[in-house]
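Please read the structure below before turning to the comments.
FYI, it's all coordinate maths here, none of it is from the lab. Model, not experiment: these values are computed from the prediction. For neighbour counting, all protein chains shown are included, and Cβ atoms are generated from backbone atoms with ideal geometry for every residue, glycine included.
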Amino acid sequence: MLLNIFFPNKNERIQFVYKHFQIDDMPIEKNTVISSDIIGVKSIKLRSRYRNIPGFWLEIHFNKDVKGKKLYSELMATVDLKQINSHVFYPKENLPLKEMETKWLNKYNLLGKESDDEAWKLFFQEIKSHMRYDRIDIAYKGLILFLKYNPFFLKKYKRYYILEELAYLYENVGNVGKAIKTLKIQATLQPNSIEPYLNMSSFYIINNMEEEAFHICKEALKKSPENQYLISNMVISLINIGSYEYAIDFLRKVLDRHPNNPYFWKLMGDIFYEIENNKSAIDCYQRALKIGKTPTIDDFKLDIHTGIGDCYYEEENYKEAIHYYRKALTYNPKDAYLLLSIGQIYFFKLKDMKLAFKYTKLLVDSMPENGYGQYQLGLIYSKTDHIEKATWHLYKARSIMPYYKPIHDAIKMLKKSNKKSQAY
């Protein structure tokens, strides 16, 4: 017979063991209290969890004889049922906040005079366990109680970062509203920090809520006007809502203060590219490269070389476009966008089937599930009269992208040309 009893702190567990078993200084050997002198008991163990429920648990293993059964019955009569086994409150289904609040307060005695930091730490462990098992609404309501009764606990040791983690969990399930609400709670606990605002603006941008992102960035920039990431999110939000003049004016003022920041020049290049001022965009990108000659991260260089290549493509200077796309490839040789773009230029613009095949094949070999790559390879094979291979790749492309009309048109054209060739 087993009995698992929950306690919200160590002291209550110690007192219980002393009261019922007269063990004062509990000798522990591999987490087992030596209990050979206790009649009716095989062992007493100290546990930190019972069926994933965190707590200061006491596991009592009774003998199956008369004395063991008697002792088991006596303890069951003295211990509150809410402290025993699965009767301990540990919600797996979402309940109304008021109901959970009452049960959590009682479980941990959070408002009692005897309440200590141990109980709050244990409650915090429970919240983290709910997050691990994707019970995020339950975790959210638990954190609301911390905010209500003990916000200083979350501030200590920067425990408030759990709110950021919870926000990302909400984003993963598509609940952006709750994610933002969670970050706003974090902001109240970090009144002088711009991190929650930065996270909120990023959430808004990712979820096509650029106007909200703009207002959050504007508010946060009052606190930290030189923060590069906030400035970036501000510019991105302005680009996405089409406020190009505002974005250019804003960024020019930033560049007046930071003329040697390559990242801001890159952002200005992005804006000029969006408004089809490709020459100005190239100038900004080149300036970013010149300033950033000292080691910078590869992703930054990849983006700039790709941006310059895009500008030259729009200007129909295809050789220069390929030149910069190839430079970008040195930072990521398997970049799907670059391989596809180079293959398209060689195939459609420069009519070089050999090089078009080379770069498209590199794409398909590294990413066989890329439908555009399969489609383009099918076109190349069709153009070079490799009908069977063309058919295979076009059908593969259709299975990946069944609603992309050009694939269906290419298959029809291939069938027609094949019938004509067979007729002869």
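Distance between the C-alpha centres of the stretch 325-402 and the stretch 61-94: 68 Å, rounded to the whole angstrom. Normalised radius of gyration (Cα atoms, divided by 2.2 N^0.38 Å) for the chain: 1.49. For LEU2 and TYR337, the difference between the fully extended length at 0.36 nm per residue and the C-alpha to C-alpha distance is 114.4 nm. Each Cα pair under 8 Å and six or more residues apart adds its sequence gap; the mean of these over the residue count of the stretch 2-87 is a relative contact order of 34 percent. Under the criterion of Cα pairs below 8 Å and six or more residues apart, the relative contact order for the chain equals 6 percent.
For ILE39 and ASP117, a Förster radius of 25 Å and the Cβ-Cβ distance give a FRET efficiency of 0.10, rounded to the nearest 0.05.
Take each peptide in 258-271, 308-321, count the other Cβ atoms within 10 Å of every residue, and average; sorted highest first, the result is 258-271, 308-321. Here ILE241, ILE236 are placed in order of increasing Cβ neighbour count within 10 Å, fewest first, which gives ILE241, ILE236. Potential lengthening of the chain between ASN11 and ASP134 amounts to 41.1 nm, from the contour at 0.36 nm per residue minus the alpha-carbon distance. Here the spin labels are modelled as points 7 Å beyond Cα on the Cα-Cβ line, and at ASP24 and GLU212 they lie 6.2 nm apart.
Among THR391, THR78, THR188, sorting on how many other beta-carbon atoms sit within 10 Å of each Cβ, with the fewest leading, yields THR78, THR188, THR391. Go ahead and run the numbers for FRET between HIS258 and LYS148, Cβ-Cβ distance against an R0 of 30 Å, rounding to 0.05. That gives a FRET efficiency of 0.10. Distances between every pair of Cα atoms in the stretch 2-87, grouped in 5 Å steps from 0 to the bin holding the largest one, split as 3, 14, 27, 29, 19, 7, 0 percent. Volume per residue for the stretch 52-210 equals 126 cubic angstrom (convex hull of Cα atoms). Fully extending the segment from LYS181 to LYS319 would add 44.7 nm, taking 0.36 nm per residue of separation and subtracting the current Cα-Cα distance. Here the calculated FRET efficiency for LYS156 and LYS405, from their Cβ-Cβ distance with R0 = 45 Å, stands at 0.15, rounded to the nearest 0.05. Cross-link pairs exceeding 30 Å in C-alpha to C-alpha distance, out of LYS42/LYS128; LYS301/LYS361; LYS69/LYS128; LYS107/LYS223, comprise LYS42/LYS128; LYS69/LYS128; LYS107/LYS223.
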